[in-house]
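Here's the structure, in C-alpha cells; my notes come after.
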Amino acid sequence: MKEKWIMKLKSIQYEDDEESETLLDTEAEYFIDDNGERVISYEETEATGMEGSETEIHIAPDGTISIIRTGFFQTHLIMKVGKKYFCNYETPFGEFTVGVSARWIHNHLTDDGGTLSMRYLADANTTLLSDSEVSVEIRRISSPDDNETD
C-alpha cells in the first residue's frame, strides 16, 4: 500500500493593489524520484480552474523548482532564485513562452512532509503576466504500517 498524503495549496495572484486567492485541499503523492528530487503530484480541480490536468512539483537538491502540468493545460515552469527561465505554456486557447523569475523560495520539506513556498514573476515579451505567491503544505494521512497488525 502506498502512503497517502494530504496537500494544502494556497496561490495568491497580485495585481496592482488587489489580490486574488485560490485554495486547494486534496490528496497527493509525495516521494523522492530516481534523480533525488522531491515530487508532489496531484490532480487539478475546478477550484484551480485547471480541471482535467495533473500537476507535479519537483524540488531538486540544488533548489530548482519545476512545475509540470499535463492534460488539458500543459506547462513546464522552472524557477530558481537569481535566474530567469523561459518556459512553454500551453492552454486550450493557444501556446506561448513565458519568462519566469523566482523572487524567493522557502523549502522546508522533509521525508515526513512540510512546507514549500515561493514567489515568482511571469512575463511575456517583458510584459508582466503575473506576480504569484504559492505555498504548499504536505502531510501524511496514512502509511503502509497503518494496516499491519502485530
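Every number in this text was worked out from the coordinates using simple rules, so none of it is lab data. Keep in mind that this is a model prediction, so the values were computed, not measured. Please note: Cβ atoms are built from the backbone with ideal geometry, for glycine as well, and neighbour counts cover all protein chains shown.
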Most positive-pole-ward Cα, Asn107, Gln74, Tyr14, against dipole of region 4-147 from beta carbon charges: Asn107
log10 of Debye I(q)/I(0), alpha-carbon scatterers only, for the chain at 0.14 Å⁻¹: -0.70
Projected label distance in nm at His106 and Glu3, using a 7 Å step from Cα toward the beta-carbon: 2.3
Relative contact order (%) - criterion: Cα under 8 Å, at least six apart; region: the chain: 21
Rounded if a/c under 1.5, otherwise prolate or oblate - region 13-92, Cα gyration tensor axes: oblate
Label point distance in nm, Asp62-Lys84, each placed 7 Å from Cα along Cα→Cβ: 2.0
Part-to-part distance (alpha-carbon centres) for region 104-128 and region 53-93, which is given in Å: 11
